[in-house]
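Here is the structure we will look at, set down as structure tokens.
Values in this text are rule-based calculations from the coordinates and carry no lab data. If you're wondering where the values come from, they're calculated on a predicted model, not measured in any experiment. Here the Cβ positions follow ideal geometry from the backbone for every residue, glycine too, while neighbour counts run over all protein chains shown.
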Amino acid sequence: MSFDANQYDAYVERNKSWNFAVNLLDLTFYNLGVSFVFGATVLSLYASYLTSSAVLIGLIPAIQSVGYFLPQLLLAQRSERLSRKKPMIQKISVVERVPYLFVALLAILWPQAPAWLAYGMLALSLTLATGAGGLAGPAWQAMLAKVVPVDRRGRMFGISNALGGLLGIGGAAISRQVLAKYPYPISFGICFGFCFVAQVLSWICLSLNREPHRPPTKAAVPVRTYWRKLPSVLSHNVNFSRYLIARSLIILGGMSTTFYIVYARQAFEINDAFAANLTIAALISQTVATPVLGWLGDKAGHKRVLEICTAVAAIGILLALAAPQVSWLYAVFALVNAGTAGMSVAGMGIVLEFCDTESIPTFTGLANTLTAIPILLAPVLGGWLVDVSGYQTLFIVALVLSIGGWISMRWGVREPRHEQNGVIPENVSI
């Protein structure tokens with residue numbers, strides 16, 4: 001059913017509370033699922049059982065992030081041409097969730113599987129899951145921009161992160177019991193199984209969105225033309241390009257995040273259950289911080305939130321650099337995760353404000369695909385630094401890059417909310 005402009009606005013207004021609620025629950029259950037295989041603790045720890053190479057350990061969380069960001073431009077143009085985004089998102093999101101079940105089944109049903117095979121299954125499953133999420137990402141963000149008003153998005157992202165963190169604390173507590181009670185690798189398989197169940201609930205909530213039809217107004221162009229003109233989008237939107245540079249430096253500054261748990265295992269001889277304790281500390285900070293940061297993003301702009309979160313994460317790196325005993329890692333994980341979660345909330349919100357509504361798939365696709373490069377480089381470079389020079393060098397380099405990112409964001413990027421919306425130039429018809 002098609003809507004004229006007045007019917008469209010009335011439909012969005014009538015269903016805004018419903019859509020806010022179901023998207024809140026979608027993100028909440030998704031975050032709960034991730035808490036069972038928390039990248040900086042459980043995932044990195046599991047990878048450390050499968051290989052002694054810091055580079056290969058760092059590659060696993062990198063896949064988790066890069067898989068989402070890298071492929072986003074592939075379906076961005078198609079997303080812009082869809083009058084409704086949800087049907088495509090639903091189909092792709094099935095592939096986003098099922099691979100976690102594959103990891104669980106291998107660990108539980110074949111605990112004696114060779115380490116190389118288990119590592120390969122982990123890497124392949126994460127690639128499939130996050131890659132599917134990346135393909136659907138531009139359409140998903142465009143759907144959110146349609147059904148959730150701009151003055152509610154920060155709160156939705158913030159509250160969902162908080163609720164996911166709150167439930168995740170329970171999830172991490174369950175993970176702690178599982179990791180303490182069951183032998184390796186069955187314990188990790190159970191954690192991946194819990195992750196899969198939570199993500200199924202997330203998919204159900206996603207499917208409940210009430211999205212109105214809105215036929216595209218842009219003229220269709222050949223795919224080759226679309227890709228050839230993408231660099232011009234960046235050159236005509238300088239503020240957006242500066243944001244991507246600053247964001248890339250901040251991402252590189254997070255290169256040490258993957259290795260805190262491995263560092264703790266080597267320096268302080270922590271056990272697997274203690275890793276779950278650190279997850280709980282991280283999720284508590286997420287639960288407390290993200291609603292406030294989401295509200296602040298709605299009121300003062302997401303750029304300010306990114307600046308605050310970068311500074312908070314940098315303080316966490318300083319503490320890791322100076323930590324004389326294992327108890328300091330609670331503060332490290334709390335600060336770093338509060339900063340990372342806040343940057344995720346603000347990062348999703350700010351890109352939607354750099355452009356007009358119809359250009360969101362292209363702008364989000366560009367932002368996420370281009371930042372996939374530093375996301376991949378960060379843990380791999382971090383692992384190389386650990387292998388050749390040790391953890392102290394890693395922490396120092398990460399701190400320097402974080403400070404550089406903060407400076408670039410603070411003085412190089414203007415708040416997009418107060419600027420004219422970025423556009424795709426008229427002579428760049430994509």
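Listed from fewest to most Cβ neighbours within 10 Å, the set CYS191, CYS355 follows the order CYS355, CYS191.
Run the dipole for the stretch 5-418 about the Cα centre, Lys and Arg Cβ at +1, Asp and Glu Cβ at -1, nothing else charged, and hand back the magnitude in debye, nearest 20.
Values: 30 positive and 16 negative charges, 222 e Å.
So the magnitude is around 1060 debye.
Applying the Karplus relation 6.51 cos²θ - 1.76 cosθ + 1.60 with θ = phi - 60° to the stretch 164-170 yields 3J(HN,Hα) values of x, x, 4, 5, x, 4, x Hz, where x marks Gly and Pro. When the charge dipole of the stretch 5-418 is built from unit charges on Cβ atoms (+1 for Lys and Arg, -1 for Asp and Glu) and taken about the Cα centre, the candidate among MET255, GLY154, MET409 whose Cα reaches farthest toward its positive end is GLY154. As a proxy for reagent exposure, ranking VAL351, VAL103, VAL233 by other Cβ atoms within 10 Å from fewest up yields VAL233, VAL351, VAL103. By the beta-carbon count within 10 Å of each Cβ, the least crowded to most crowded order of SER175, SER207, fewest first, is SER207, SER175. Among the listed pairs LYS16/LYS229; LYS229/LYS303; LYS86/LYS303; LYS146/LYS299; LYS146/LYS229; LYS85/LYS181, those whose Cα-Cα separation exceeds 32 Å are LYS16/LYS229; LYS85/LYS181.
Please list, in order, the residues from the stretch 363-382 whose amide nitrogen is less than 20 Å from a point placed 7 Å along the Cα→Cβ vector of VAL221. Backbone N within reach: 363-370.
What's the whole-number percent of alpha carbon pairs in the chain lying beyond 39 angstrom?
Percentage above 39 Å: 16.
For CYS355, nonlocal amide neighbours, meaning residues 5 or more places apart or on other chains whose placed amide H falls under 5 Å from its own, are GLY422. On full extension, the segment bounded by ASN6 and ILE186 gains 59.2 nm, given 0.36 nm per residue less the C-alpha separation.
DSSP loop chymotrypsin sites (Phe, Trp or Tyr not before Pro) in the stretch 260-325 with at most 15 other Cβ atoms within 10 Å of their Cβ, which ones? Before the final figure, lay out the partial values.
Working: sites: TYR260, TYR263, PHE268, PHE274, TRP295; in loops: PHE268.
Those that pass, being in a loop and sparsely packed, are PHE268.
Each of VAL400 and HIS236 was given a label point 7 Å from its Cα along the Cα-to-Cβ line. The distance between the two points is 3.9 nm.
What FRET efficiency do you get for LEU321 and GLU415 if R0 is 22 Å and r is their Cβ-Cβ distance, rounded to the nearest 0.05?
On the way: r = 32 Å, r/R0 = 1.45.
Between LEU321 and GLU415 the formula returns 0.10.
To the nearest ten degrees, helix 272-300 and the longest principal axis of the Cα atoms of the chain are 30 degrees apart.
Placing a label point 7 Å from the Cα of SER53 along the Cα-to-Cβ line, the residues of the stretch 83-123 whose backbone N sits under 16 Å from it are 115-123. Considering helices alone, the calculated mean residue ellipticity of the chain at 222 nm is -26500 deg cm²/dmol, with DSSP H runs of length four and up weighted by -39500 (n - 2.57) and normalised per residue.
Pairs of alpha carbons in the stretch 334-401 separated by more than 19 Å make up 51% of all such pairs. Counting GluC sites (Glu not before Pro) as exposed when in a DSSP loop with at most 16 other beta carbons within 10 Å, what is the longest stretch of the chain free of them? Formally, the longest exposed-site-free interval is 1-268.
Could you work out how far helix 99-109 tilts from the main Cα principal axis of the chain, as a 0 to 90 degree angle to the nearest 10? The helix 99-109 is inclined about 20 degrees to the chain. For the chain, the longest principal axis of the alpha carbon atoms and the long axis of helix 54-69 meet at an angle near 20°.
Counting charges near LYS85 (Lys, Arg +1; Asp, Glu -1) among other residues having Cβ under 9 Å from its Cβ returns a value of +2.
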